[in-house]
Every structure is written in C-alpha cells, then in structure tokens.
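Right, one structure below, let's go through it.
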Amino acid sequence: MRDVFAETGPLRARKWLVLSVASLGLGGAFAFLVGMARAPFAERLLPHDYFRHALVGHVNLAIVFWLLLSAVVLWAANFRGENPRAGFPLALLGTALVAFSALFGSGEAVLNNYVPVLVNPLFFAGLAVFFAGFSISSFGRVREAYDGLSSDDMVKNGLSTAVFVSAVLFAAVVVSSFFFAGKANGGEGKHYYEKLFWTPGHIQQFLNGSLLVAAWYTLARTPLKGGIRFWGFLKTANKSLIFSAALLLALLFFLDPADRRLKIGAEIIYGAGLGIPLFLHIANITRQTLRTRFDYKSPQEASLAFSMVIYLFGVFIAYAGFQNDTRVPAHYHGGVTALTLALMGCYHEMLKKGGREIRFERLARVQPYVYGTGMLLFIAGLFVSGLLGAPRKTPGVGFTENPVVLFSLGLMGVGTLLAVLGGAAFVLYAAATLVNGRRGE
C-alpha cells in the first residue's frame with residue numbers, strides 16, 4: 001500500500017481521504033436524527049417534517065458519496081498513477097451543495113430508492129458535479145486497472161474490477177438520464193426518480209462488492225502476515241462483477257425499471273453475479289484466518305470479522321425475502337455498513353502505513369466493536385419489526401401498539417446510538433491523526 005501522504009503527486013489523495021471522512025461524519029449526524037425520529041420516546045423530541053430531509057442527507061453523504069470517495073482513496077493507495085487534478089474540486093463542491101441542501105431542508109424530499117433527492121437546483125447541481133469529479137478520477141485509472149485484472153494481488157485485482165464497474169456506472173447514469181430526461185414533471189412524480197436511479201443504483205452495488213473484496217483482503221493481510229492465498233478462479237469471479245453490471249445495464253435498453261421482468265432479472269443477476277463471488281471470497285479468507293490467533297486489539301482484524309458477519313446478516317435477509325417494510329433497509333444496511341466498517345479498518349491501516357502516529361489509539365481499538373455491535377442491533381431491530389409489518393421511511397411509532405414492534409424499534413434506536421458513536425469515534429481519531437498526527441519512525 002502506497003503512502004498517500006508522500007510529498008509527491010499522491011499527496012492529493014490526502015484531500016480525498018479528508019473529504020471522505022467529512023462526508024461520513026456529516027452523513028452520520030443525519031443518521032442520528034433519522035434513527036431517533038423512529039425510536040420510541042425520542043421521536044417526540046424531533047420534528048417529523050425534517051425526517052425526510054435528514055434521510056436524504058444521510059443516504060447521499062454516508063452511503064453514496066462516502067463509498068465513492070473511498071474508492072478513489074483506495075485507488076490512490078494501491079495504484080502507481082496519480083489522481084487527475086480536476087476530480088477533487090468537483091467532488092468537494094458537490095458534497096458541499098448536497099450537505100447544504102439537506103441541512104437547511106431545501107426543496108421537497110422524494111424518498112425514492114438508492115439516491116433519494118431534494119427537488120432543489122442546488123441539490124441536483126451537487127449530485128451532478130460530484131459524480132463528474134468521481135468519474136474523472138475513475139477514468140484516470142483505466143490503463144493501470146486493465147493490467148490489474150490479471151494481477152495475483154487480490155487487493156489490486158479487486159480495485160481494478162472497481163474501476164471498470166465505475167465505467168459501467170457512468171454509462172448507466174448517461175443512458176438512464178437520456179431515457180428519462182424531461183419526464184420529471186410529466187405526471188410521474190416520485191416514479192420518475194425511481195426509474196432514473198434504479199439501474200445506476202443497482203450497478204453501484206457491484207462497485208461496492210468489488211470494493212469489499214479489496215478491503216477484506218487488505219484487512220486479512222494483518223492476521224495472515226501478508227501471506228494470503230486464493231483459489232485461481234477467484235480472479236474470474238471478480239471479472240463476473242463487471243460482466244454482471246454490464247448485463248444489468250443492457251437490460252435497461254429492453255425493459256422499463258418499473259417492469260417486473262427487469263426486477264426479477266436483477267434479482268437473478270444479483271444472486272449469481274454478486275452473491276456467489278463474495279461468498280467465495282468470504283470462504284477463502286475465513287479458511288485461512290481461522291488458522292490464526294485472533295488479535296482482539298487489532299482494529300483491522302476486528303473490522304474484518306464484524307464486516308463479514310454484518311454482510312452475511314444482510315444477505316440472509318435478502319435470501320429470506322421481504323416486502324416493502326423495514327426489512328428493506330435492514331438488508332441494504334447489512335451490505336453498505338459491512339463495506340463501511342471494512343473501509344474504516346483500511347483507513348486505519350493507511351494512516352499507519354503513511355507513518356502517522358494514530359491519535360486516540362485506544363479509541364481506535366474499540367471503535368470497530370462499538371460500530372459493529374450497533375449495526376447488528378440496528379439491523380436486527382429493523383428486521384424483526386419488518387417481519388411484523390413496520391413500514392419503512394416512516395417517522396414515529398403511531399402505526400403500532402405491538403410491544404414486540406416497539407421493543408424492536410427501541411433496539412434499533414439503541415443500535416443507532418451505538419453506530420453513531422462508533423462512526424463519530426472513527427471520524428474523531430482519523431481527523432485528529434490527519435491534522436495533528438506526528439510522523440512515526
């Protein structure tokens with residue numbers, strides 16, 4: 001892993017790292033407001049009208065932006081080339097515009113899936129310029145990523161896969177915008193944004209999957225002392241992520257996102273093209289790490305263990321099936337927070353590899369446990385309450401008097417609090433290390 005703080009071109013990667021941590025911190029603050037607005041008793045203290053705007057801010061900053069920014073950071077840390085200069089100013093401006101719009105509740109909040117929006121010019125401008133900045137950074141990695149697809153370094157292989165999935169994601173945004181441009185006010189309302197972001201949102205999950213592969217193998221280097229083996233077909237499994245993303249994009253030319261056939265096709269592609277490769281990587285890493293002694297004081301090892309457990313929990317919910325209730329956010333939080341926790345461990349690794357003395361080291365050691373435990377409680381609470389019919393994207397608890405649902409939502413509230421504290425702990429020690437961390441030996 002390269003030193004992203006070196007006094008050369010890669011120094012620009014530090015800016016991306018700082019921006020990613022800031023985006024996660026802001027998104028976590030919105031998450032606290034969202035979670036408390038659904039928790040018994042606490043919901044009475046918060047304005048329900050702001051719930052929808054806070055949810056838009058949380059999803060975009062703590063999920064979409066944070067994960068895309070982290071991809072750029074990991075590319076800078078593991079590839080030889082430099083980040084294109086034009087990407088960062090656009091990403092910074094886009095993050096600021098989206099955060100500003102959500103903070104001040106500007107525009108109508110539309111809670112469509114994947115990229116919920118605020119119907120406000122500043123918000124849409126923020127989305128556009130941010131994605132432009134990210135895309136510029138991903139295009140600058142294509143040549144090196146082409147060679148990386150055949151690399152025996154599974155970290156670089158996974159990150160190379162992510163570059164090409166990012167290219168498919170860019171194409172999906174362009175194609176989807178072309179198909180649905182001008183229809184926002186054509187009587188479709190919320191359905192317009194659902195269709196607009198449906199394919200790009202699904203394809204980003206393949207990008208998240210490739211980042212999970214890279215992050216897991218990065219973290220596995222610690223217990224395995226760098227001696228990671230892998231089955232040869234896993235490189236082909238990584239390429240299947242690119243193929244599956246492209247196949248999903250191709251279906252958009254023939255089927256409308258509202259068509260049930262496309263949804264069924266996406267579920268099949270997900271199960272075969274995303275689920276199976278990640279299961280194989282989990283099996284490969286687990287069979288090796290189980291032979292080692294777990295170091296509970298290592299943030300990397302704790303992050304790896306919690307990340308895999310949370311991911312499997314989220315996937316179990318998907319395979320078990322769900323309706324349009326709180327099991328939906330329980331499922332996708334399993335996927336995205338598994339990646340978030342893995343990335344937190346990778347950031348700790350990068351800070352140390354960069355020669356930085358980790359500030360609040362004790363806090364850094366317990367942070368994965370607090371965040372991981374909180375997310376497990378959060379997902380479990382949403383899952384159980386969803387089984388009993390709790391609706392999603394709804395503040396308050398006025399829809400039920402079922403004590404089991406109330407208990408589950410209370411558990412979700414406790415999990416939210418722990419996860420926010422764990423996220424805040426990460427932001428604190430990472431920011432303090434970036435700003436004041438002294439050079440180690």
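List of remarks:
- Residues listed by number, the range 319-334, amide nitrogen under 20 Å from LEU406 label point at 7 Å toward C-beta: 326
- For the range 247-264, the Karplus equation 6.51 cos²θ - 1.76 cosθ + 1.60, evaluated at θ = phi - 60°, returns couplings of 5, 5, 5, 4, 4, 5, 6, 10, 10, 6, x, 7, 6, 4, 5, 5, 5, 5 Hz by residue, with Gly and Pro reported as x.
- Annotation: peptides 109-120, 56-67, 145-156, 340-351, ranked by per-residue average of other Cβ atoms within 10 Å with the highest first, follow the order 340-351, 56-67, 109-120, 145-156.
- Greater than 19 Å apart at Cα, pairs in LYS156/LYS297; LYS15/LYS353; LYS235/LYS353; LYS156/LYS353; LYS15/LYS297: LYS156/LYS297; LYS235/LYS353; LYS15/LYS297
- Residue-averaged [θ]222 nm for the chain, counting only DSSP H segments that reach four residues, each worth -39500 (n - 2.57): -23500 deg cm²/dmol
- Extending 7 Å from the Cα toward the beta-carbon at both THR373 and ASP295 defines two label points whose distance is 2.2 nm.
- Paramagnetic label reach from ALA320 (point 7 Å along Cα→Cβ; backbone nitrogen cut-off under 15 Å): within the range 372-390, residues 376-390.
- Segments 230-241, 255-266, 23-34 sorted - mean Cβ within 10 Å per residue, highest first: 23-34, 230-241, 255-266
- Partners for LYS263 among lysines (Cα-Cα distance below 16 Å; same-chain residues under 8 apart left out): LYS195
- Highest average first, the peptides 131-138, 272-279, 379-386 ordered by how many other beta carbon atoms sit within 10 Å of their residues are 379-386, 131-138, 272-279.
- Rounded to the nearest Hz, the phi-derived 3J(HN,Hα) couplings of the range 296-309 under the Karplus curve 6.51 cos²θ - 1.76 cosθ + 1.60 (θ = phi - 60°) are 5, 8, 8, x, 5, 5, 5, 5, 4, 5, 5, 4, 5, 5, where x marks glycine and proline.
- LEU255-PHE233 pseudo-label distance in nm [points 7 Å out on the Cα-to-Cβ vector]: 2.6 nm
- For log10 I(q)/I(0) by the Debye sum over Cα atoms at q = 0.06, 0.08, 0.11 Å⁻¹, calculated from these coordinates, the label among (1) -0.40, -0.58, -0.85; (2) -0.23, -0.41, -0.82; (3) -0.34, -0.57, -0.94: (2)
- Put a dot 7 Å past the Cα of VAL175, heading toward its Cβ, do the same for ALA283, and the two dots end up 3.1 nm apart.
- Residues whose amide H falls under 5 Å from that of ASN112, counting only those 5 or more places apart or on a different chain, are VAL117, with hydrogens built in the peptide plane.
- Applying 0.36 nm per residue to the separation of VAL309 and VAL119 and subtracting their alpha-carbon distance, the gain on full extension is 64.7 nm.
- Relative exposure of TYR332, TYR319, judged by other C-beta atoms within 10 Å (fewest first): TYR319, TYR332
- Coupling constants for the range 61-68 follow from the phi torsions by the Karplus curve (6.51 cos²θ - 1.76 cosθ + 1.60, θ = phi - 60°), and in residue order they are 7, 8, 10, 5, 5, 4, 5, 5 Hz; glycine and proline get x.
- Computed on the chain, with alpha-carbon pairs under 8 angstrom and 6+ residues apart, the relative contact order is 17 percent.
Values in this text are rule-based calculations from the coordinates and carry no lab data. Here the structure is a predicted model, which means the values were calculated and not measured. In this analysis, Cβ positions are derived from the backbone assuming ideal geometry, glycine residues included, and neighbour counts consider all displayed protein chains.
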